[in-house]
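S.K.: Questions regarding the structure given below will be posed in turn.
The values are calculated or read from the model by the stated rules, or taken from the named source; none is laboratory data. Remember, predicted model here, so these are calculated numbers, not experimental data. Ideal geometry is used to build each Cβ from the backbone, glycine not excepted, and the neighbour counts take in all protein chains shown.
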Amino acid sequence: MRYCIIFAYDGTAYHGWQRQPNAPTVQQMLEEALQTVLRSEISVVGAGRTDTGVHARMMAAHFDVDEEIDCDFLVFKLNCLLPHDIAVSEVRAVPDDWHARFSALARTYRYYIGTRKDAFNHHTLRLYFPLNIERMNEAAALLLSHQDFGCFCKSHSDNKTNLCTVSEARWTQSDDSTLVFTITANRFLRNMVRAIVGTLIEVGKGKMSIADFAQVLQSGKRTEAGESVPARGLFLESISYPPDEKDE
């Protein structure tokens, strides 16, 4: 039987989602907890791969077991075993052909920038210079009509294609000291969001024009784009599935 698991994590202490030979990862923590509770070898397939230090307010994964399980009890036991920075909200049975990665329709990421120091929030990039949000949004709008995002992909990545369909890309100010970049797409390349944010900051600072940003998109070259921003401000916010498969 196949089960879907919905969870969240603070990625600060982890070297990303995917298992690494000599570093702690979220996948490793989750698989070890599942194996302890279910007393069998469990392999978990995630909806995507977040990089070192990136967080997720909602991540989905699936795993297979031979027998039916008590989902509510499993949620309780997992949350008892997992470290404080990983929290499971749901486990449910899904069809055998349901796939956490390939059944997903879209993913939404948000990047948070703080404009003043906050002793209680280390999950933002702090900037102390003004940004032109209107120009940043004008540049971000160009992402919706573009598909090849090679210019924002980490060099030497093993992607089969650089094509992505972006359906949302915008900056908002959530309060008087926090800027938020929200982007939704059917898929993302490695380091893509952090590279986009870093380049849009150049636009907001006035160091790159809208025309320059358009040229970066057309170039397909990572060397033409701005620097990637740090991982600590990036959150995987949500994953969308078809109506009969969507987490409600």
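S.K.: Tally the residues that are aromatic (Phe, Trp, Tyr) and either over 22 Å from residue 101 (Cα atoms) or in contact with a Gly (Cβ under 6 Å, 6 or more places away or on another chain) (or both), restricting the search to region 161-210.
M.R.: Counting residues in region 161-210 that are aromatic (Phe, Trp, Tyr) and either over 22 Å from residue 101 (Cα atoms) or in contact with a Gly (Cβ under 6 Å, 6 or more places away or on another chain) (or both) gives 2.
S.K.: Within region 177-190, can you find the residues that are crowded, with 19+ Cβ neighbours inside 10 Å and either in a strand (DSSP E or B) or touching a residue at least 60 places away in the same chain (Cβ under 8 Å) (or both)?
M.R.: If we filter region 177-190 for residues that are crowded, with 19+ Cβ neighbours inside 10 Å, which is where we start, we get 179, 181, 183-185, 188-189.
Those that are crowded, with 19+ Cβ neighbours inside 10 Å and either in a strand (DSSP E or B) or touching a residue at least 60 places away in the same chain (Cβ under 8 Å) (or both): 179, 181, 183, 184, 185, 188.
S.K.: OK, next. Based on what the data block shows, is residue 172 outside the structural domain of residue 62 (by TED's automatic domain parsing), within 16 Å of the chain's Cα centre (by Cα) and at pLDDT 95 or above?
M.R.: No.
S.K.: Something else now. Give all pairs with beta carbons closer than 8 Å in which a residue from region 23-52 that is under 11 Å from residue 65 (Cα atoms) meets a residue that is surrounded by fewer than 18 Cβ atoms within 10 Å (Cβ to Cβ) and of a type in the set (Asp, Glu); count only pairs at least 6 apart in sequence or on separate chains.
M.R.: That search, which allows pairs on different chains as well, returns 35/41; 40/66; 43/64.
S.K.: Taking the options 97, 10, 72, name whichever one is of a type in the set (Asp, Glu) and under 26 Å from residue 163 (Cβ atoms).
M.R.: When all the criteria are applied, what remains is 97.
S.K.: Another question, then. In region 2-44, how many are part of a helix (DSSP H, G or I), closer than 19 Å to residue 75 by Cα and of a type in the set (A, V, I, L, M)?
M.R.: 7
S.K.: Sticking with this one: Please work out if residue 52 is surrounded by fewer than 16 Cβ atoms within 10 Å (Cβ to Cβ), at pLDDT 95 or above, of a type in the set (Ser, Thr, Tyr) and not assigned by TED's automatic domain parsing to the domain that holds residue 125.
M.R.: yes
S.K.: Checking residue 19 against (1) crowded, with 20+ Cβ neighbours inside 10 Å; (2) of a type outside the set (Asp, Glu); (3) farther than 19 Å from residue 237 by Cα; (4) under 18 Å from the mean Cα position of the chain (by Cα), which test does it fail?
M.R.: Of (1) crowded, with 20+ Cβ neighbours inside 10 Å; (2) of a type outside the set (Asp, Glu); (3) farther than 19 Å from residue 237 by Cα; (4) under 18 Å from the mean Cα position of the chain (by Cα), only one is false for residue 19: (1).
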